1. With a 10 Å cut-off between alpha carbons and a GNM built on chain B, which of B:Glu101, B:Glu83, B:Glu26 moves the most?
2. From the Cα gyration tensor of region B:226-358, with a ≥ b ≥ c the square roots of its eigenvalues, which class applies: rounded if a/c is under 1.5, or else prolate if a/b is larger than b/c, or else oblate?
3. May I ask for the Rg/Rh ratio of region B:295-359, computed from Cα atoms with Rh as the Kirkwood radius, given to two decimals?
4. Which value results for Rg/Rh of region B:103-144 when Rg is the Cα radius of gyration and Rh the Kirkwood radius based on the inverse mean 1/r?
5. If you take the beta carbon distance between A:Phe265 and B:Ile24 as r and set R0 to 22 Å, what does 1/(1 + (r/R0)^6) give as a FRET efficiency, to the nearest 0.05?
6. Describe numerically, in nm with one decimal, the distance between label points set 7 Å from Cα along Cα→Cβ at A:Trp84 and at B:Lys104.
7. Between region A:9-87 and region A:228-303, how far is it from one alpha carbon centroid to the other, in angstrom?
8. Taking every alpha carbon pair in region B:27-224, what does the distance histogram look like in 10 angstrom bins from 0, in percent?
Amino acid sequence: MLPLPSENRKVSPFFVFYLIVAAQFGLGVFSFQREIVKVVGNDAWIAVFIAGISIHVVLWMIYQILNKGTNDITVIHKELFGKWLGGMLSLALIVYLLTLAISVVRSYTELIQVWIFPQLETWYMALILSVLVYVYVIGGFRIIVGICFLSFIFTTPIFFIMLGFPLRHMQISHLFPIFDHSAAELLSASKTMTYSLTGFETIFFFYPFIKDAPRSQKWGHYGTAYSTISYLVIMIVSLMYFSKNQLLESIWPTLTIWQIADFPFLERFEFLGLSFWLFSVVNSVCLYIWAGTRGLKQLFSLKQKHSLIVILFMTAVAATFLKTREQIDQLNSVMGLVSLYVMYAYIPFIFFYQMIKGKSRRTS
Amino acid sequence: MKKYLFWCIFMLILLLYNSIETKILEDIQHVSAIGYDYVDEHRMKGTAAAPFYPAGIDVQPLDAFFTAVGHTFLDILQKQQLESQRKLVTGRLQNFLISKELAKHGVAELTDPLGRSTDIGRDVYMAVVDGSVEDLLTFKYPNAPTSAEYLSDFMERNLKDMIPKPTVHVFLDQYNGFVQDPFLPIIEKKHDHIRYKGLALFKNDHYVGELSNKESYLFKLLYEKTKTGTDQFSLKNKKYIAIQNIRSKVKYKVSGSQDDPRVDVHVSFLGEVKDAPSISVGKGTLKEMEQAWSKGATVRATKMMNKFQELEVDPLGITEKARSHFRNFDKKAWDQRYPTVPIKFHMKIRITNTGISNK
């Protein structure tokens, strides 16, 4: 196992806020509405709310696990399950995060292809993104934190200003009647929300890099609350702006909302907004890939620089192999299902297992 | 060394990649208005107005039109392309016209690319043209440099005061949403001007009827809250009075059960007397005016509603109000019941002042 990072490689606790927001507030904001509205229609915002609350609980569990282990997840796995089983679990988690990175890269490329440049080839975009990610990740964890912070500054104001344009077309009546759907329906709808809010599991890897880490928990919760509220606002705006069928028809409702904006000097805002979203994409990909390579370093003592090149190459190749909308959709729905299990089965399992094991050790 | 090699190759790839089609402003021609006429059951005739800006300083744009017959939006655009001097692009499209004849046969196929393509914005204004779209678009109007400019000014700056905003977003939303029927303004070419004629009512994507321009202002009052426009009415003694709208609000109240619903529409209107020839405006007459307006407006609104119910169209979105009121809303049953639902109008007016004269 590696030694814990030295003090000068750590960051202050409040940066956890930006890291969590960077992981959760990514491409999901463009397209998360449809799956939820399909199930619960006008009550969709309640489902978002429920998902947000449950994520808080999961985050709390993650902090409990890490506070007890006082190291990253690979060490905790090893302590709990031994070298082989623990190693397998860590590897699974790493593969999961790296696949998330592939899905983000490919989804963003698809957005550019559909909205701006139909002729753009996937390998080209994947190459540019990989090189960008390489430049940041090689700089170490503190650089990634910086990028997360910058992207927060760049994307947030745009995002909320843009939600002002549809105001004059909104109809409050679309939200009523509230609670027209059963609790079971609401729960099953909130399941699809987890995929948008996923990615903050990277905290399992960067926990040792936070100064006075247990104290950062409140910032983690603030971050989650921030993303949940953002998603909630977008959901409410989209519900009021679109009629239900229209919302079900659009693949990226948030971008369609942006289409209504019209400045004297800029006829079509969504192109600009989409380009700005590169920040948001790069920082989440950086975070996933950094966590993945860090994990590999812990497991196999691979040099992060070498594994990074291999993994970026694999990401670009994998992204290029996904060609059609259906394939991308399939990957996303599979990842959605996996993240559901990670969130609500794997993390609680580790939490309870650690608790029971800790107790039995104390009594014996 | 390896590092430098990598970066060199990367830079080369970045610089030499040219599979993206460029659209340079000087090399393209913006279509600013596009309109469609009915030809036969499968074909339509598209006219695109794409003003051409010659090189130079302070040059007047030249009117340029391209007409082609085809099956779909893109097919027609391709054929128009055959004639144009530069590449036609629709990124700055401002007006989308449909002839009445075409609207009668359904517009679903035509409006599909509006919702699907990223080349067209969502704030494009739509209208139905009474008569030939080609005539309206290609005419040289004396009051504007190009017809496209006239049309977009007319739709954007003028028409929005008289009727609810007819953008592509609103149309698609109403057409797709299962709770409301769309409506669009009807314009026509009269002598050498474009003129607003009334509102076209759609059932799904088919034109089924229209409102006159006088009725359409009342429609705006019933549809949304407004701050613009004037309404004229007459007193018992056949004296005409015009009031300007300061602000008006509308509220729908659905009550009863799903089997026996009733709808009350409350309009409150704050107005200012602008034109009251040969009437001495006193306290008594103000009251009288208020009563005369509410009575007249209620009758007109009820008549309009009866028309909607006869045609079984719902441009006011009463179905949406019912949906948001009743739990487990049954759309089919409501559609059958819609023509017989009792809808009552309560028109309230308050006249705040009589201008700067108290004659």
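1. Maximum among the listed residues: B:Glu26.
2. prolate
3. My calculation of the ratio gives 1.19.
4. Reported Rg/Rh (Cα atoms, Kirkwood Rh): 1.05.
5. The pair A:Phe265/B:Ile24 has a calculated efficiency of 0.75.
6. According to this spin-label approximation, the distance is 8.2 nm.
7. 17 Å
8. Bin by bin from 0 Å, the calculated values are 9, 38, 38, 13, 2, 0.
The values are calculated or read from the model by the stated rules, or taken from the named source; none is laboratory data. Computed from a predicted model, the values in this text were never measured in an experiment. In this analysis, Cβ positions are derived from the backbone assuming ideal geometry, glycine residues included, and neighbour counts consider all displayed protein chains. Areas reflect the complete protein model, heavy atoms only, side chains present, ligands, DNA and RNA absent. Shrake-Rupley method; radii C 1.70, N 1.55, O 1.52, S 1.80 Å.
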